[in-house]
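The next block holds one structure in the form of structure tokens; read it before the comments.
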Amino acid sequence: MSEENNVKLELDDIQSGVLRPRPTPYVATYVAFRIDDRKAGRELMDRFSQVVTSAANPNGPLADTSVSVALTYQGLKALGVPQESLDSFAWEFRQGMTARAKELGDSGESDPENWEQPLGTPEVHVVLVAVSPDKDRLEVALDRARKTYQELPGIEAIWRQDCHALPDEKEPFGFRDGISHPAIEGSGIPGSNPREQPLKAGEFVLGYTDEMGGVQKTVPEILGRNGTYVVFRKLHQRVAEFRRFLKAQSNGPEGEELLAAKMMGRWRSGAPLALCPFHDDPELGADPSRNNDFLYEGDDSVGLKTPGGSHIRRTNPRDAAVAGFARIHRMIRRGTAYGPTLPEGVLEDDGADRGLMFAFVGANLGRQFEFVQSQWVNDGVFFGAGDDRDPIIGSGDINFTLPHRPVRKRLRGIPRFVVTRGGEYCFMPGLRALRWLADLDAGLEMKKR
Ligand code: HEM
């Protein structure tokens, strides 16, 4: 075992939302806060440090219930974090998601001008996320959290989003989600692809060595250590439009399901095309020991089974030949669904808001989330498909190529099925760092020493 393999993550200092997969099924609530008073903000950090759950093996009735807290750059400023410390955070984080709209493809309807208020504005300072297997336990956790901020003048809860699992772990388009996760060295939490070597801890947590041999640190070190970046995006899904598109492009239900699978790279059951290219296999889709056990290059370099342009092959090309090195663009995802299900077979939009609260966790906003979103989702050059884009989540003029013999098929002018309704770039501190923020004056003293 190499020295790196012996890396032990300080799980009791890392928030559970960073490393622990969400329960199945789940209910979740997001709450955003504005800090109007610096002292109250620091008090809030102190109180939150007592309700936030760590990634260390939890026990007891609330074991699967997590409460995580993250701050925007504006939030760190509102707490009075000194400039030297602010400057030590990632450039993209300091810019904020709104300023990165062009790179992220947030144009037209997805333009921050059209976002749900107050998302993407300087008003959002802190985001709290509670996730639990059921409503009762979520309510207990939220109640504990509520006691920390209610009756704290100078702290305002300004936005809330409730989420809940849909039947069979599916997302609103009807595909099983939450299947593919990387393994992280030293976390003790297994990944879901037995063919993927665990990634260096520094890819996901600040203060540890990453895949490039670097260690990300902030000023002072305690502020960043065991923390990480989190991207929240509220993504509205046009389910009726997606269904109409599949119908219009196919001859009958079987063709619709095959086209849907080709666009995603998995059948709706979760079964990967890589392992069952011609028909669905719901048993395989539901089997976590098999449903992520595959690579692409060996027998499908051309993409005859899983198109290079499909959502899962774009967002994680695994061993497929692409420009670049896939391991440095991996991410942890923590999506939770919101809104009512559109009943099966309905093809007309009912006007309800439904979609995913997408959450990315990783130590490198630039080469992980932003790279995947801008280069792999909204471009096709990296695998030789010119201006093709992700047919599920792409933005702009979306074309999709289905490799086929003797001639490939090309779908042009695919409508946009996912619209950004808002989002934030956040920093999720370690528990010690939360207390450092709570006690900022003393923290500044520590820095001088
Ligand atoms: C509403 C928007 C989205 C929907 C409906 C969606 C849906 C899905 C589904 C059904 C899967 C397959 C299940 C799994 O592997 O866990 C998946 C995988 C994945 N998605 Fe998305 N997704 C969305 C947005 C995004 C975004 C914005 C990104 C990143 C920029 C992303 C990155 C990924 C990654 C990395 C995987 C795993 C691929 C793999 O390892 O094989 N997704 N997504």
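Observations on the model:
- Taking the criterion of being surrounded by 17 or more Cβ atoms within 10 Å (Cβ to Cβ) and not in a loop (DSSP other than H, G, I, E, B), the residues of the stretch 269-291 that qualify are P272, L284, G285.
- Neighbours by Cβ (under 7 Å, 6+ apart or cross-chain): first from the stretch 179-208, closer than 22 Å to E283 by Cα; second away from the ligand (no atom under 13 Å from the Cβ) and assigned to a loop (DSSP other than H, G, I, E, B): G191/P198
- Top-ranked residue in the stretch 383-402 [being in contact with a strand residue (DSSP E or B) (Cβ under 8 Å, 6 or more places away or on another chain) and not in a loop (DSSP other than H, G, I, E, B); ranked as farthest from E103 (Cα to Cα)]: L402
- Criterion: surrounded by 16 or more Cβ atoms within 10 Å (Cβ to Cβ), acidic (D, E) and in contact with a Gly (Cβ under 7 Å, 6 or more places away or on another chain) - qualifying residue of E169, E196: E169
- Candidate set: the stretch 183-201, residues that are among the aliphatic types (A, V, I, L, M) and part of a loop (DSSP other than H, G, I, E, B); chosen: the one nearest to the chain's Cα centre (by Cα): A183
- Looking only at the stretch 91-139, and only at residues there that are in contact (Cβ under 8 Å) with a residue 12 or more places away in the chain and of a type in the set (K, R), the one that is most open to solvent (accessible area, probe 1.4 Å): K135
- Unmet requirement for L295, which otherwise passes all of (1) aliphatic (A, V, I, L, M); (2) at pLDDT 95 or above; (3) over 17 Å from L199 (Cβ atoms); (4) surrounded by fewer than 20 Cβ atoms within 10 Å (Cβ to Cβ): (3)
- Any hit, the stretch 394-416, residues being within 10 Å of the ligand (Cβ to nearest atom), open to solvent by less than 60 Å² (accessible area, probe 1.4 Å) and touching a Leu at 6+ places or on another chain (Cβ under 9 Å): no
- The stretch 167-182, residues that are out of contact with any Pro (no Cβ under 7 Å at 6 or more places or on another chain), more than 6 Å from the ligand (Cβ to nearest atom) and either in a loop (DSSP other than H, G, I, E, B) or among the β-branched types (V, I, T) (or both): P172, G174, P182
- Filtered by the rule that a residue be part of a helix (DSSP H, G or I), under 18 Å from the mean Cα position of the chain (by Cα) and among the charged types (D, E, K, R), the stretch 4-48 gives no residues.
- Only one of the listed residues (G309, G384) is away from the ligand (no atom under 13 Å from the Cβ), touching a Phe, Trp or Tyr at 6+ places or on another chain (Cβ under 8 Å) and not aromatic (F, W, Y). That residue is G309.
- Looking across P25, P61, P21, one residue alone is at pLDDT below 95, of a type outside the set (A, V, I, L, M), touching a Gly at 6+ places or on another chain (Cβ under 9 Å) and open to solvent by 60 Å² or more (accessible area, probe 1.4 Å). It is P21.
- Per the listing G339, G422, G366, the residue uniquely surrounded by fewer than 20 Cβ atoms within 10 Å (Cβ to Cβ), within 16 Å of the ligand (Cβ to nearest atom), more than 29 Å from L258 (Cα to Cα) and at pLDDT 95 or above is G366.
- Every residue from the stretch 371-381 that is within 13 Å of the ligand (Cβ to nearest atom) and open to solvent by 10 Å² or more (accessible area, probe 1.4 Å): F371, Q373, S374, Q375, N378, D379
- Considered as a group, the residues in the stretch 312-330 that are in contact with a helix residue (DSSP H, G or I) (Cβ under 6 Å, 6 or more places away or on another chain) and open to solvent by less than 20 Å² (accessible area, probe 1.4 Å) include one that is farthest from the ligand (Cβ to nearest atom), and that residue is A320.
- For I158, the stated conditions do not hold, so it cannot be described as within 15 Å of the ligand (Cβ to nearest atom), surrounded by fewer than 22 Cβ atoms within 10 Å (Cβ to Cβ) and of a type in the set (V, I, T).
- Among the residues of the stretch 126-141, the one identified as part of a helix (DSSP H, G or I) and either on the phi > 0 side of the Ramachandran plot or among the small types (G, A, S) (or both) is A141.
- Residue match in the stretch 300-309 (condition: open to solvent by 60 Å² or more (accessible area, probe 1.4 Å), at positive phi and not hydroxyl-bearing (S, T, Y)): no
The values are calculated or read from the model by the stated rules, or taken from the named source; none is laboratory data. Treat the numbers as computed from the prediction; the structure is a model and nothing was measured. All Cβ positions, glycine included, derive from the backbone under ideal geometry; neighbour counts span all protein chains shown. For accessibility, only protein heavy atoms count, side chains too; no ligands or nucleic acids. Shrake-Rupley method; radii C 1.70, N 1.55, O 1.52, S 1.80 Å.
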